[in-house]
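K.L.:
Pasting a structure below so you can have a look.
Values in this text are rule-based calculations from the coordinates and carry no lab data. Small disclaimer: the values here were computed from a predicted structure and weren't measured. Because the Cβ atoms are built from the backbone with ideal geometry, glycine has one as well, and the counts that use them run over all protein chains shown.
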Amino acid sequence: MSNRPYIVGNWKMNGTRAMLSEARTIDRAAQRYMKVEVAVAPPFTLIHAVHKEAEQIGVGAQDCHPGEDGAHTGDISATMVSDAGAKFVILGHSERRQNHGEDSAMVLAKLHAALNAGINAIICCGEPEDVRVAGDAEKYVLDQLRASLPEKLDDAGERLTVAYEPIWAIGTGRVATVEDIEAMHGAIYAFLKARFGEEAAQGIRILYGGSVKPENAREILAVPHVGGALVGGASLSADSFMNIALAAGEIEEQ
Ligand code: 13P
């Protein structure tokens, strides 16, 4: 099991080949931060090119289809992203759940496809603002995870990562409080332990996502049960992204 902090950049629908130099810079910097596991998930079109640049960082996809192959125009299978060089896939991001109507059953089907194709998965969860205001965030997130994750794992949990991303914090500059992050990550850990057992739960890193920046990374990454960060906007610049990785490495050294 790797318990290094895991800092993952989700480039979303950003990046053309002009971004490859940024990927190269991230990779070279990551070679100096060996205490931190750094990865990026570029758009499908750049996976292979980033993979060829990457000596140190992991490269992943932002989605995959639940099927193996067939008549699915415009879709990409887990085997295809693996073939392009992806070692993991982000699944169930709130932007997929919202923009593409993906429910947790679909996320679970995609997770099976990813594991069968031999790649790892980051399963996202997170509540909208009205649910948080109503005091139901924990129930909402655990319900999502209950339906998005399998009943059993075949390994000790190292192929799975969970990302908690409150929807109202994504791209808004607003961040959950340290107390709320601690409570939610503690609840997610307790759920994982109850479902998969303690050893597996300890192998599953729980990332926080939502407006993580170099300025707030240190505080967030120091919260118990926060195993890293899933970074959107700030991952598009090597400088800000690697400053987040640096913050993770400094916490690790304490
Ligand atoms: P931002 O870091 O831009 O808020 O995005 C977070 C996110 O959605 C990462 O998956």
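K.L.:
Could you check the range 157-213 and list, in sequence order, the residues that are within 11 Å of the ligand (Cβ to nearest atom) and assigned to a loop (DSSP other than H, G, I, E, B)?
P.N.:
Start the filter on the range 157-213 by keeping residues that are within 11 Å of the ligand (Cβ to nearest atom), which leaves 163-175, 207-213.
Of everything in the range 157-213, those that are within 11 Å of the ligand (Cβ to nearest atom) and assigned to a loop (DSSP other than H, G, I, E, B) turn out to be 165, 166, 170, 171, 172, 173, 174, 175, 210, 211, 212, 213.
K.L.:
Return the residues of the range 54-64 that are buried (at least 17 other Cβ atoms within 10 Å of the Cβ), over 11 Å from residue 7 (Cβ atoms) and out of contact with any Ser or Thr (no Cβ under 9 Å at 6 or more places or on another chain); say none if nothing qualifies. It would help to see each step written out before you state the result.
P.N.:
Taking the range 54-64 first, the residues buried (at least 17 other Cβ atoms within 10 Å of the Cβ) are 54, 57-64.
Of the ones still in play, those that are also over 11 Å from residue 7 (Cβ atoms) are 54, 59-64.
Answer for the range 54-64, where residues must be buried (at least 17 other Cβ atoms within 10 Å of the Cβ), over 11 Å from residue 7 (Cβ atoms) and out of contact with any Ser or Thr (no Cβ under 9 Å at 6 or more places or on another chain): 54, 59, 60, 62, 63.
K.L.:
Can you work out which of the residues in the range 32-44 that are in a loop (DSSP other than H, G, I, E, B) and more than 16 Å from the ligand (Cβ to nearest atom) is nearest to residue 92 (Cα to Cα)?
P.N.:
Taking the candidates together, the pick is 36.
K.L.:
Now a separate question. Can you give me the number of residues within the range 220-254 that are at positive phi and within 14 Å of the ligand (Cβ to nearest atom)?
P.N.:
1
K.L.:
I'd like to verify a number: residues in the range 1-26 that are of a type in the set (D, E, K, R) and within 13 Å of the ligand (Cβ to nearest atom), how many? Lay out the reasoning, then the answer.
P.N.:
Initially, the range 1-26 is screened for residues of a type in the set (D, E, K, R), giving 4, 12, 17, 22, 24.
Okay, now just the ones that are also within 13 Å of the ligand (Cβ to nearest atom), so 12.
The number of residues fulfilling the criteria is 1.
K.L.:
Go through (1) within 16 Å of the ligand (Cβ to nearest atom); (2) of a type in the set (Gly, Ala, Ser); (3) over 17 Å from the mean Cα position of the chain (by Cα) and name the single condition residue 29 misses.
P.N.:
Of everything listed in (1) within 16 Å of the ligand (Cβ to nearest atom); (2) of a type in the set (Gly, Ala, Ser); (3) over 17 Å from the mean Cα position of the chain (by Cα), residue 29 misses just condition (1).
K.L.:
Could you grab me the full set of residues in the range 82-109 that are more than 16 Å from the ligand (Cβ to nearest atom), in a helix (DSSP H, G or I) and under 26 Å from residue 146 (Cβ atoms)?
P.N.:
Scanning the range 82-109 gives 104, 105, 106, 108, 109.
K.L.:
Which one is farthest from the ligand (Cβ to nearest atom), of the residues in the range 110-144 that are of a type in the set (A, V, I, L, M) and part of a strand (DSSP E or B)? Lay out the reasoning, then the answer.
P.N.:
As a first pass, look at the range 110-144 and keep what is of a type in the set (A, V, I, L, M): 111, 113-115, 117, 119, 121-123, 131, 133-134, 137, 141-142.
Then drop every residue that is not part of a strand (DSSP E or B), which leaves 121-123.
Working: 121: 14, 122: 9, 123: 12 Å.
Looking at residues that are of a type in the set (A, V, I, L, M) and part of a strand (DSSP E or B), I get 121.
Let's see how each residue does on (1) without any contact (Cβ under 8 Å) to a residue 12 or more places away in the chain; (2) over 30 Å from residue 250 (Cβ atoms); (3) surrounded by 19 or more Cβ atoms within 10 Å (Cβ to Cβ):
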| position | (1), (2), (3) |
| --- | --- |
| 3 | no, no, no |
| 26 | no, no, yes |
| 37 | no, no, yes |
| 66 | no, yes, yes |
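K.L.:
Suppose we keep only residues that are without any contact (Cβ under 8 Å) to a residue 60 or more places away in the chain and among the hydroxyl-bearing types (Ser, Thr, Tyr) within the range 144-195. Which one would you say is farthest from residue 111 (Cα to Cα)?
P.N.:
My answer is 177.
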